[in-house]
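The values are calculated or read from the model by the stated rules, or taken from the named source; none is laboratory data. All of these numbers come straight from a predicted model, not from anything done at the bench. When we count neighbours, we look across all protein chains shown, and the Cβ atoms used for this are built from the backbone with ideal geometry, even at glycine. Just so you know, the surface numbers come from the protein's heavy atoms only, side chains and all, with ligands and any DNA or RNA stripped out. Shrake-Rupley method; radii C 1.70, N 1.55, O 1.52, S 1.80 Å.
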Amino acid sequence: MNQIAQTSAPQAEPPYLRGLNPPQREAVLTTDGPVLIIAGAGTGKTAALTARLAHLVFTKKAWPSEILSVTFTNKAAREMRQRVGRLVGDAVEGMPWLGTFHAIAAKMLRRHAELVGLQSNFTILDTDDQLRLLKQLILAADIDEKRFPTRSLAGLIDQWKNKGLVPADIDAGESERYANGRGGELYQQYQARLIALNACDFGDLLLHMLVILKTHRNVLSLYQQRFKYIMVDEYQDTNSSQYLWLRLLAQERKNIACVGDDDQSIYSWRGAQVENILKFERDFPGAKVIRLEQNYRSTPHILGAASGVIANNGGRLGKQLWTERDVGEKVKVIGVWDGPEEARRVGEEIDIVRRSGKSLDEVAILVRAQHQTREFEDRFIAIGMPYKIVGGFRFYERAEIRDALAYLRVVNQPADDLAFERIVNVPKRGLGDKAVARIHQLARATGTPLTTAAARILDTDELTGAAKKSLGRLVGDIARWRDMATSLPHAELARQLLDESGYTAMYQAEKSVEATGRLENLSELVRAMEEYDSLGAFLEHVSLVMDNEGGAQDPQVTIMTIHAAKGLEYDTVFLVGWEEGLFPSQRSLDEGGVKSLEEERRLAYVAITRARRLAVIIHAANRRIYGQWNSSIPSRFVAELPSEHIDTETTMSGGASLWQANWSDRADPFADVARGTGRGPGWQRASGTGSTFSTKPARVVESRSSAISLGNKGRDDLSLGMRVFHQKFGYGAIAEIEGNKLEIDFEQSGRKRVMDSFVTLTP
């Protein structure tokens, strides 16, 4: 620090103040007392926050180790450290309390772990370990994990921890949210088990420290004295636990500066509470409020459009963004006929951008839901437009899509062993590694596909109990679906397959935001199939799409959700799917009412302000949902755009004549389809109508279809009375031979029916 002071010219303006506008300077120089810095999108809040840190060190108001600076991501923490390092040099190395909430809380907890029953070398569990532990507790409590999935309990516990609630705080109403009132009990058992393992999950890092600060005054006093200044970035995204933790630490000195924007609070689904920033002045009376309103990113038209939308929210802190940039183009609002035309139009607009000499790296497509990306991916593959998905996988690479495709591949080609391996125990069917290994062993021994081996093994005693019953259902289902494929449209077949396999129900039971997104993706997959003549044609298309990687170093269009785009910026941004029900999301409105509507509007504000030069908003008059075309109306957010900042265009790809020509094919794609009997080998159709099938298994017999061939040629080195060895049942003598099946009297296990490939000759 002395070195910094010596190298600075007396009375000269410090370098960190150069280039800052008056409100930014005020944010830097107002060091004492509570400060709320309301930083609108693109207003240079990182520059102000970095300069403020440098100022505290440069003026010797605090040693680097006496400043607590909290960010939300490791990336933000690294950027902050690098920027401060350029301003104050080596002094940045002495900032041990600059990092994320979890990183700082973990450092504190290591020092005081014994106060919550842990040792300082405690383990931090990842998500997989957490789920494994919770599942053990659920099974021990004799709770049906299919009805009450482990992930649901994990999500609920995470919510409680984000709210700062320990097991003793969970009342009957909260406990009722899982397994008919057993949520609180399992939370308590989970926490006790973590202590016994000397472990904690990510939520515990803050929760344990919150408990320690509340119950051990000496520890609280230690940190209140240590931290002369506290700085918090993205304050609008704090949850209750983080808020309470910060408020306790700042109570004594009250030198806390929080930077945030209530209009960009879009993470309530992961615990963020916009109320935290809205009540800052109430929590810290006399707080100084500084507004950063000069935008350095976007044109006046873009800012005017965004401000016009967000003005419809109530209870805002309020600000008015402005810029000195050229006025630029107005925000384009384009109405198209349907989803496919939306993708075509975006492709055409991007091609114009590319031909003008601009890089595709400066173009982004922002969607409200991940399932929307599929239409654009298919279109871009067709026209050779390079693209990348940020914040997620490409559509056909997502786990749920790969699972669904594996089911379809097995139906289309039963010899597809990789596909069968993927779905044999998804969803869980009680087929453990040993059972699957037996199927593999038989397949290798007989030189047959896994589906064939699975059918053959059912007619033996190699598998018993639940495993045999589950495998029998799957084998019968595959045969039945293949039979249905000859008469049922492939999209309808996919719907029934996903329902009857239990795959859809698996995610429906989860009741989480992630599960809802997966279900939406599955619906989009089925919808995509309708555009192809056959199941084989669709699967071939998918293979070609997945094989098209493109050059990773080449300029690419970025496709991502609006949530993933927060903090990013692009010259040209396409905002697609702005229709009621899609954006704002109908599910969000149904679950959260006005509060959710306001968050959706904040999401629209964030989306528009990602654009530097041009924002294009597109809405379609029709969307295909669950196989049916539905009329759509533009999002209410479109109506809220100020007319002086937008240019409106509507195109219907040829108008009413084209609509009339195509609509008859779209209205009811399944009206004239003969659905067939739906019978597979060894299975019976349920009584009544509809497409519900019984799952009452009969003995698996030779299939009429070529899907699963049950050949019965046996080994020629076996004969009656021979002594053989079986790895599972031990030694025995052959009593009967029927093709490749043997009846063996085992010395320890009695008579069993097995495949001849599983036995070896013995002396």
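Observations on the model:
- Among residues of segment 449-481, those that are part of a loop (DSSP other than H, G, I, E, B), in contact (Cβ under 8 Å) with a residue 60 or more places away in the chain and either of a type in the set (Val, Ile, Thr) or in contact with a helix residue (DSSP H, G or I) (Cβ under 7 Å, 6 or more places away or on another chain) (or both), counted: 3
- Positions within segment 712-738 being small (Gly, Ala, Ser), surrounded by 12 or more Cβ atoms within 10 Å (Cβ to Cβ) and more than 14 Å from residue 461 (Cβ to Cβ), in sequence order: 714, 733
- Test for residue 436: is it crowded, with 19+ Cβ neighbours inside 10 Å and assigned to a helix (DSSP H, G or I): no
- Residues satisfying the stated conditions in segment 126-170, i.e. under 30 Å from residue 110 (Cα atoms), in a loop (DSSP other than H, G, I, E, B) and open to solvent by 20 Å² or more (accessible area, probe 1.4 Å): 126, 163, 165, 166, 170
- One residue from 510, 531 being open to solvent by less than 50 Å² (accessible area, probe 1.4 Å), assigned to a loop (DSSP other than H, G, I, E, B) and closer than 28 Å to residue 582 by Cα: 510
- Count of residues meeting criterion [within 30 Å of residue 47 (Cβ to Cβ) and either out of contact with any Phe, Trp or Tyr (no Cβ under 7 Å at 6 or more places or on another chain) or open to solvent by less than 10 Å² (accessible area, probe 1.4 Å) (or both)] in segment 95-125: 12
- Selection from segment 304-359 of residues that are more than 24 Å from residue 605 (Cα to Cα), touching a strand residue (DSSP E or B) at 6+ places or on another chain (Cβ under 8 Å) and of a type in the set (Ser, Thr, Tyr): none
- Matching helices (runs of 4 or more DSSP H) fully within segment 194-254 where at least 3 residues are open to solvent by 50 Å² or more (accessible area, probe 1.4 Å): 202-215, 217-226
- Single condition residue 370 does not satisfy, out of (1) open to solvent by less than 50 Å² (accessible area, probe 1.4 Å); (2) in contact with a Ser or Thr (Cβ under 9 Å, 6 or more places away or on another chain): (1)
- Number of the exception - residue 474 against (1) open to solvent by 20 Å² or more (accessible area, probe 1.4 Å); (2) within 30 Å of residue 756 (Cβ to Cβ); (3) not β-branched (Val, Ile, Thr): (1)
- Residues that are open to solvent by 30 Å² or more (accessible area, probe 1.4 Å) and out of contact with any Lys or Arg (no Cβ under 6 Å at 6 or more places or on another chain) within segment 607-618 comprise just one, 613.
- Output for segment 293-329, where each listed residue is open to solvent by 70 Å² or more (accessible area, probe 1.4 Å) and of a type in the set (S, T, N, Q): 312, 320
- A single member of 332, 288 is out of contact with any helix residue (DSSP H, G or I) (no Cβ under 7 Å at 6 or more places or on another chain), under 17 Å from residue 231 (Cα atoms) and surrounded by fewer than 22 Cβ atoms within 10 Å (Cβ to Cβ), and it is 288.
- Checklist (1) surrounded by fewer than 20 Cβ atoms within 10 Å (Cβ to Cβ); (2) within 30 Å of residue 14 (Cα to Cα); (3) touching a helix residue (DSSP H, G or I) at 6+ places or on another chain (Cβ under 8 Å) applied to residue 78, failing item: (3)
- Only one entry in 83, 78, 52 is charged (D, E, K, R) and modelled with pLDDT of 90 or more, namely 52.
- Among all positions in segment 444-455, there is no residue which is buried (at least 18 other Cβ atoms within 10 Å of the Cβ), at pLDDT 90 or above and more than 19 Å from residue 741 (Cβ to Cβ).
- Test: residue in segment 262-270 that is in a helix (DSSP H, G or I), modelled with pLDDT of 95 or more and among the small types (Gly, Ala, Ser): no
- Residue check for residue 636: within 26 Å of residue 523 (Cα to Cα), modelled with pLDDT of 95 or more and open to solvent by 50 Å² or more (accessible area, probe 1.4 Å): yes
- The listed residues are 577, 592, and the only one of them that is assigned to a helix (DSSP H, G or I) and either open to solvent by less than 20 Å² (accessible area, probe 1.4 Å) or at pLDDT below 95 (or both) turns out to be 592.
- Number of the condition not met by residue 282 [criteria: (1) open to solvent by 10 Å² or more (accessible area, probe 1.4 Å); (2) within 28 Å of residue 32 (Cβ to Cβ); (3) not in a helix (DSSP H, G or I)]: (3)
- Answer residue from segment 484-503, given it is in a helix (DSSP H, G or I) and open to solvent by less than 20 Å² (accessible area, probe 1.4 Å) and is farthest from residue 375 (Cα to Cα) among those: 484
- Whichever residue in segment 405-427 is free of Cβ contacts under 8 Å to residues at least 60 places away in the same chain and open to solvent by 40 Å² or more (accessible area, probe 1.4 Å) and, among such residues, is farthest from the chain's Cα centre (by Cα): 415
- All positions within segment 11-45 that are part of a helix (DSSP H, G or I) and either crowded, with 22+ Cβ neighbours inside 10 Å or over 40 Å from the mean Cα position of the chain (by Cα) (or both): 15, 16, 17, 22, 24, 27, 28, 29
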